[in-house]
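A.B. asks: Below you will find the structure I want to go over with you.
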Amino acid sequence: MVIPNFARYVKSRSDRQLLHGLKYNKTSTCKPEESNNGLPIVPCGLIAWSLFNDTYTFARGMVELKVSRKNIAWKSDRNHKFGKHVYPFNFQNGTLIGGGKLDPSLSLSDQEDLIVWMRTAALPSFRKLYGRIEEDLEAEEVILVNLTNNYNTYSFGGKKTLVLSTSSWLGGKNDFLGIAYIAVGSSCIFISFVFMLLHVKNPR
Amino acid sequence: MRESSARTKGKVRWSKLYSFSCLRQGTVEPAPVQQLGGPGFTRVVFCNESHLHKKKPYKYPKNSISTTKYNFVTFFPKALFEQFRRVANLYFLLAAILSVTSLAPFSPASVIAPLVFVVGISMLKEAVEDWRRFLQDLNVNSRTVKVHIGNGLFKDKAWKALSVGDVVKVNKNDYFPSDLLLISSSFEDGLCYVETMNLDGETNLKVKRCLEQTLSLDEDTEFLNFKATIRCEDPNSNLYSFVGNLEFENQTHPLGTAQVLLRDSKLRNTDYVYGVVIFSGPDTKVVRNSTRSPSKRSRIERRMDYVIYILFSMLILVSLVTSIGSVLYTTSQMTKWWYLHSEEDDPFFNPLKPVLSGILQFIRGLILFGYLIPISLYVSIEVVKVLQSMLINKDIEMYDEVTCKSVEAQTSNLNEELGQVEMILSDKTGTLTCNQMEFRKCSIAGISYGGEVNEVDLAASKRINTDLERYHFSFDGSDSSSQSFEMFEFSVPDVRTQKAVLDGVEDVENLSIGNSRISDLGKESVIRGFNFKDDRLMKKKWMNRSNVSDMTMFFRVMALCHTGIPIEDDETDKLKYEAESPEEVAFLIASQEFGFKFCRRTQSILVLKELDPSLGVEVEREYKLLNLLEFSSSRKRMSVIVSNEDGQIFLLCKGADSIIFDRLADDGKAYQQETSAHLLNYAEDGLRTLAFAYRRIEHAEYEDWSSIFTRAKTTIGPIREELLESVSEMIEKDLILLGVAAVEDKLQKGVPECIDKLAQAGLKIWLLTGDKKETAINIGFACSLLRHDMTQFHLSLSKEAESNNQEKAMKEDILQQIGKSYQVTCEESNKDAPFALVVDGKALEIAMRSDVKDQFLHLAVNCASVICCRVSPKQKALITRSVKEYTGRTILAIGDGANDVGMIQEADIGVGISGMEGMQAVMASDFSLPQFRFLERLLIVHGHWCYKRISKMILYFVYKNIVFGLTLFYYELYTNFSGEVMYDDWYMVLFNVLLTSFPVISLGVLEQDVPSDVCLQFPALYQQGQRNIYFSWIRILGWILNGVLASLAIFTLNVYTLSPAAFREGGEVADIAHLGAFSYTCVIWTVNCQIALIISHFTWIQYLFIWGSILLWYIFMYIYGALPPVYSNRAFHLFTEALGPTPMYWLITLLVLIVSLLPYFIHIVIQRLFYPMDDHVIQEMKYYRKDVTDNPMWLREQNNSKKKTHIGFSSRVDAKIRYFRGQLHQKKILIYRSVTNSPLYRSVTNSPLF
């Protein structure tokens, strides 16, 4: 459990740098991960620095289950917010290494893990899209997950959960909306029934 | 004075004859002169040498006046200072300053812009109001007056150019430009008449008189070499004193108030006067007397302050929770969060300095949750109030075609206060009445003339008649009933009317038509001051009646016993008259109409052109005026002793009926009984009555008496008055009663109906007048403020207490009277009986002392109506303040003259009548009306609406800001109190500025619970404002609760649906921007739909604003998202990419909307179904068109909604009906007995068919 919506954390980024790279150097908002050894960091800031870096591989029986890691970030982010010609620079080179590293040869707009991570979640307990399993899974099927536990949550007792979920037109599995609709609807019917009875009993 | 009268004794001044100045002058004795030159008496004025006043030490201010609050230089600092004296503004300023620092969680513009707007608008309003004052001043300052410019030439100069020492010439009917010393007038004895209505509200003319020595300066050329020096008191505010002397031709003459003409009074009946400016501009007494109008705040606004305090404490609480939570997290947890990379560089989250971080977080919280305190509320209220007053100003129903003026809101602060008025303090002259007396009725020799049926009787009998009609059908003994009801001889001729009155409800409406017809007739009548219609007397017909001699005598008394003078009227051959009191003018006009034209007056001769009944032609007769026994308030009568051409001596007397009746001869009481009955009727109608009587005096008796009288007149010293009185008493006896005449102090159009409606709406009306007690009581009757079945308490100083002039005795006297009256009101039998209190000015002065005040007010509040007469302007203000403080009710004061200014300023709402000439009352007022009758619509319609509008608006504002502000707080809880905001900066700014402001403004300007005509039909609705049920604490708390519930619904539903699973088919999860936009959409929908539930009057404007606001949010999101990410930040492509195509987004909006509005919806359903309030019932009836389909029900409801009141026309009708019914009941019993005893009845009842 990271607290991604902590104000200090949320602010520690530079959208302009993400788009323009080293050409943009007013990155004071990125403190304390602004520069290292006198050189600017791209991408700067605490969010990027604490990039989530657990990795997962899935297997169905002995066959590897393909997980598509493409198109997991918002298109607008990829096309307009992260520079196509901006490459990681001086990233995770400091004495304190936060989270994952980035491939310096890939432009930021292609680093979808980063893009997903940079969208700070709204609430303390949150999910992030890792990838899509595009094959249909059968019921009762056993899936083997091989995970590399890189990301440190021990210091603050955070929990990590892997969720495999089917998403429908209403998104992932979440009964809340449906229950709420049923509850509100039935209470409305109940109330209107009560008022109708009262009205019939003593009309104007 | 003795000296001066001795000097004038030789020459007879004819003007003295008809004014009592010869007797009154004693009261204006100049004070001792030795003070002059000492402190407070240093002013020196060099007459006709104004150039000497250009240099010190005699440099005095110019005659220009300024009533503005600011000038160009002081406007900014002063107005700004005023603005930041409001606590809320100060808070916003603090927030703005903090927002510039790094502490602010969002951009400074979002805090500063609204503040600038609020302060700017308020300052603009101040500037506009001040500008209006400036224009008014300009107008006054540029009036012109003729000023001596040397060489005996007079030239027009603007008032402002006038300086001390100038000699000016003021013409008839012009105002004096400054305080002047009277030098001479067009009258040869240096008299002039002055109307001081603007100073003290008294309408009678006052006489001023110049010094003997300056009399000769009555030509322009005389001023060529005129030089004199005035030494006098320094400028002060005392209107009734002046100390000074005039050095003229090497002699010193004392000056007093009689020689001083005050600014803002008016020259009347005198062609011109010359005067020297003594005090100019700001030094004049009237300007010194004026007070700056205090800024008033409405009751709702004052309570709103407390609401703001509640919200403020909520804000503090929330911020405190945030800062404490933040500190706890920082110290205990933050070091563990490696990803925060905590070092000691961040002051907000410094685990080593928790106190500092806590304080900083607290301040940040104050700014962040500042949305709880709606700054835009102040902006919107200002805007709404300006628009409201525009609507009030433009109301065509309140436009007076006679004066071409309409109602004007002078300040827009108090619109909603109009809906909460509980008491009206009203001036009389010029406000309720037109200051015009009309001859209405008379009773001569025991026969009443000019008497139409009294309107109250008419209304009552109409209603009774319809009841009778039913009775006729139900009662089988109809043959006998017809004769027994002859007392109700007024039949309703027209069947339709009869139908209409079947329910006895429309009476008032019918009557008001009738009333207006009567007043129209008054307008049509060609002769001003004469509204008398009786064919028996008019057109010389009276000569054919039986008791001609009495009639002749009656008219003679009317034509001779007065102090008036005739004035030629160029247009007609009829004469006009001027007299000290308007009643005398009315009598003179009437006697002229009856054929007794008073033509001339010389020092001892009165000339009448009278109709001789025996000859049938007009003859001119001279009457020698032997003595004039003047009127005084203690004598209550005046007499003249005249001798006719035959040498017969008559004493002609007129006076109050009780006084005259006491002095009747045994053989003079022939008509006393009938006359008394008529008097009672007249008085009930509010007519002012005077009894006329005469007496023949034998020559011998007269000679004896005359010598005594002359001796008394020449007596010197304080006993003179007493002596004169007792001598007069000697001759005014053994009178023969002729009859009574009744004049009407003409009420303004629509006044009784207006008072009636206001009374039904639960308003109390007090009359405060400078007039005499009798006149005040008459008007009380005319306006139905008094009735004859009311118990009247008269509070006045008893004679001995007054003469002793010992404060203690006076106080005890008053206390005793109050105690006695109070006991009467407390008696069980009088529980429902109406009481009226009539207080005299002098008694009031004692009663207003701090130790008597409470008891007095306690009594006064228990009375249905209160009339204060002979009160000074200062007392009016004092009463207003005391009543306001004692009762805590909202007081409205209405008046027309400068003497009402104090009262108008002191009251919660001051209303000025703008139809008149003077502008002081209007300038001091908060609202100005051309006519009193518009008060009804102003209060019952506009006041009611504005009250509801503003209270609904404030409550809604509180609600919507709580909804919005609390969602921020809830999110804060989820972010470990770190101060993160889920909304974009622009969302925050636009929330109050654009996305929710227009509907609430349309609510504030256009909302009506019921249409205006229904408001007027159901005055009871007005009481909602008086009881303040729409802005009660329970409602305020209810709305706060509603806001809390709605914000909870919005936040939790959004959080639980969006987290933690993905919200789209593609598996994307929601981030801060998504949650923010989701919640914000819900907030916008909720608050805008909530206002749709509140509004009960929809026009296209409301629809446009409400749905437009919601639409605007989507449009904004679209446009904002389309901007490059540098500007749109997290909102980039938010709507087009993430929200719009997501079904979840729309589903949540719908769900949240329903859930958040459900509590309110259930609340209103329950309230309307089971505990409906007046307006709900009326709305429903109106909705089902009951006023058209079920008229009786509609009218019945109207009747039921009226407040039980003791004042007003309808209640008088009700009382009359009770009286008639009582009598009817007795008759019925009689009839029943007679019928049951009749053999026919017996035979019928005994027959088996029955």
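The numbers here are math on the coordinates, done by the rules we state, and not lab data. Treat the numbers as computed from the prediction; the structure is a model and nothing was measured. Here the Cβ is made from the backbone with ideal geometry for all residues, glycine too, and neighbour counts use every protein chain on show.
A.B. asks: Using the structure shown, list the pairs from B:K597/B:K624; B:K155/B:K206; B:K59/B:K160; B:K78/B:K125 with a Cα-Cα distance above 19 Å, or answer none.
C.D. replies: Working: B:K597/B:K624 16 Å; B:K155/B:K206 28 Å; B:K59/B:K160 15 Å; B:K78/B:K125 14 Å.
Beyond 19 Å between Cα atoms: B:K155/B:K206.
A.B. asks: I need to check one value: relative contact order of the stretch B:548-745, counting alpha carbon pairs closer than 8 Å and at least 6 residues apart, in percent. Provide the component values of the computation, followed by the final result.
C.D. replies: Numbers: 348 pairs, mean separation 36.9, N = 198.
It comes to 19 percent, rounded to a whole number.
A.B. asks: Just want the answer: with Cβ charges of +1 for Lys and Arg and -1 for Asp and Glu, which residue in B:L664, B:F598, B:S581 is farthest toward the dipole's positive end in the stretch B:548-745?
C.D. replies: B:L664
A.B. asks: Over the Cα atoms of the stretch B:941-1184, what is the Rg over Rh ratio if Rh follows Kirkwood? Walk me through the intermediate numbers first.
C.D. replies: Values: Rg = 19.8 Å, Rh = 19.3 Å.
Dividing the radius of gyration by the Kirkwood radius yields 1.03.
A.B. asks: Taking the simple approach of a point 7 Å from Cα along Cα-to-Cβ for both A:N150 and B:N250, what is their distance in nm?
C.D. replies: So the label points at A:N150 and B:N250 sit 12.3 nm apart.
A.B. asks: So what is the relative contact order for the stretch B:941-1184, in percent, with contacts set as C-alpha pairs under 8 Å and at least six apart? Working shown, then result.
C.D. replies: Details: 235 pairs, mean separation 66.0, N = 244.
Value for the stretch B:941-1184: 27 percent.
A.B. asks: Also, I was wondering about something else. In the stretch B:424-440, whose amide N lies under 17 Å from the spot 7 Å out along Cα-to-Cβ of B:K574? List them in ranges.
C.D. replies: Within reach of a label on B:K574: B:436-440.
A.B. asks: Pick from A:G94, A:G158, A:G178 the residue whose mean-square fluctuation is largest in a GNM of chain A, springs joining Cα atoms under 10 Å.
C.D. replies: A:G178
A.B. asks: Here's a follow-up. According to a simple spin-label model (label point 7 Å from Cα along Cα-to-Cβ), what is the distance in nm between B:T710 and A:T161?
C.D. replies: Distance between the two pseudo-spin positions: 12.4 nm.
A.B. asks: Starting from the Cα gyration tensor of the stretch B:162-283, take the square roots of the eigenvalues, sort them a ≥ b ≥ c, and report rounded, prolate or oblate (rounded when a/c is under 1.5, otherwise prolate if a/b is larger than b/c, else oblate). Display every interim value, and only then the final one.
C.D. replies: Working: a/c = 1.56, a/b = 1.18, b/c = 1.33.
Because a/c hits 1.5 or more and a/b fails to exceed b/c, the stretch B:162-283 counts as oblate.
A.B. asks: Put +1 on the Cβ of every Lys and Arg and -1 on every Asp and Glu Cβ in the protein assembly as shown; which of B:A79, A:I182, B:Q410 then has its Cα farthest towards the positive end of the dipole?
C.D. replies: A:I182
A.B. asks: Order the peptides B:790-796, B:223-229 from the highest to the lowest mean number of other Cβ atoms within 10 Å of their residues.
C.D. replies: Numbers: B:790-796: 19.0, B:223-229: 15.9.
The peptides rank, most packed first, as B:790-796, B:223-229.
A.B. asks: Per residue of B:969-977, what is the mean number of Cβ atoms on other protein chains within 10 angstrom of that residue's Cβ?
C.D. replies: Values: counts 0, 0, 3, 2, 0, 6, 10, 5, 2.
Going residue by residue through B:969-977 and averaging, the value is 3.
A.B. asks: Report, in cubic angstrom per residue, the convex hull volume of the C-alpha atoms of chain A.
C.D. replies: On the way: hull volume 43.8 nm³, N = 204.
With only Cα atoms used, chain A gives 215 Å³ per residue.
A.B. asks: Starting from 0.36 nm per residue, how many nanometres of slack lie between B:H794 and B:N71 once their C-alpha separation is accounted for?
C.D. replies: Result: 255.2 nm gained on full extension.
A.B. asks: Can you pull out the trypsin sites (Lys or Arg not before Pro) in the stretch B:692-760 whose DSSP state is coil and whose Cβ has at most 15 other Cβ atoms within 10 Å? Don't skip to the end; give the middle numbers.
C.D. replies: Details: sites: B:R695, B:R696, B:R711, B:K713, B:R720, B:K733, B:K746, B:K749, B:K757; in loops: B:K733, B:K749.
Passing sites in the stretch B:692-760 are B:K733.
A.B. asks: Identify the chymotrypsin sites (Phe, Trp or Tyr not before Pro) of the stretch B:1118-1190 meeting these criteria: DSSP loop state and at most 14 other C-beta atoms within 10 Å of the C-beta. Before the final figure, lay out each step's value.
C.D. replies: Values: sites: B:Y1118, B:Y1120, B:Y1127, B:F1132, B:F1135, B:Y1145, B:W1146, B:Y1160, B:F1161, B:F1170, B:Y1183, B:Y1184; in loops: B:F1132, B:Y1184.
Hits after loop and neighbour filter: B:Y1184.
A.B. asks: Here's something else I'd like to know. Using the Karplus equation 6.51 cos²θ - 1.76 cosθ + 1.60 (θ = phi - 60°), what ³J(HN,Hα) coupling, rounded to whole Hz, does each residue of the stretch B:409-415 give in order, writing x for Gly and Pro?
C.D. replies: Using θ = phi - 60°, the values come out as 8, 6, 10, 9, 6, 10, 3 Hz.
A.B. asks: Let me ask another. Of the cross-linked pairs B:K636/B:K733; B:K169/B:K208; A:K84/A:K160; B:K69/B:K266; B:K62/B:K157, which ones have a Cα-Cα span greater than 23 Å in the structure shown? If you can, show how the numbers build up before the last one.
C.D. replies: Numbers: B:K636/B:K733 14 Å; B:K169/B:K208 15 Å; A:K84/A:K160 32 Å; B:K69/B:K266 28 Å; B:K62/B:K157 13 Å.
Over 23 Å apart, Cα to Cα: A:K84/A:K160; B:K69/B:K266.
A.B. asks: Now, a different point. Please work out whether the stretch B:548-745 counts as rounded, prolate or oblate from its C-alpha gyration tensor, where a ≥ b ≥ c are the square roots of the eigenvalues and a/c under 1.5 means rounded, while otherwise a/b larger than b/c means prolate and anything else oblate? Please report the intermediate quantities before stating the final value.
C.D. replies: Values: a/c = 1.40, a/b = 1.17, b/c = 1.19.
The shape class here is rounded.
A.B. asks: Let me ask something else about it. List every residue whose amide H lies under 5 Å from the amide H of A:C44, counting only residues 5 or more places away in sequence or on a different chain, with H placed 1.01 Å from N in the peptide plane.
C.D. replies: Amide H to amide H, under 5 Å and 5 or more residues apart or across chains, A:C44 pairs with A:S14.
A.B. asks: Using a ≥ b ≥ c from the Cα gyration tensor of the stretch A:1-85 (square roots of the eigenvalues), is it rounded, prolate or oblate, where a/c under 1.5 gives rounded and otherwise the larger of a/b and b/c decides, a/b for prolate?
C.D. replies: On the way: a/c = 2.39, a/b = 1.80, b/c = 1.32.
Taking the square roots of the gyration eigenvalues as a ≥ b ≥ c, the stretch A:1-85 is prolate.
A.B. asks: How about the stretch B:352-434: which trypsin sites (Lys or Arg not before Pro) there lie in a loop by DSSP and see at most 10 other Cβ atoms within 10 Å? List each step's numbers first, then the result.
C.D. replies: Values: sites: B:R364, B:K385, B:K394, B:K405, B:K428; in loops: B:K394, B:K428.
In loop regions of the stretch B:352-434 (DSSP not H, G, I, E or B), there are no sparsely surrounded trypsin sites (Lys or Arg not before Pro).
A.B. asks: Hey, rough spin-label estimate for B:R536 and B:T229, points 7 angstrom out along Cα→Cβ, what's it come to in nanometres?
C.D. replies: 7.2
A.B. asks: Right, next: Counting only C-alpha contacts under 8 Å and six or more residues apart, can you give the relative contact order of the stretch B:889-961 as a whole percent? Could the numbers behind the result be given before it?
C.D. replies: Numbers: 103 pairs, mean separation 15.9, N = 73.
The normalised contact order for the stretch B:889-961 reaches 22 percent.
A.B. asks: Which cross-chain or sequence-distant (5 or more) residues have an amide H under 5 Å from the amide H of B:Q792, H modelled 1.01 Å from N in plane?
C.D. replies: B:A836
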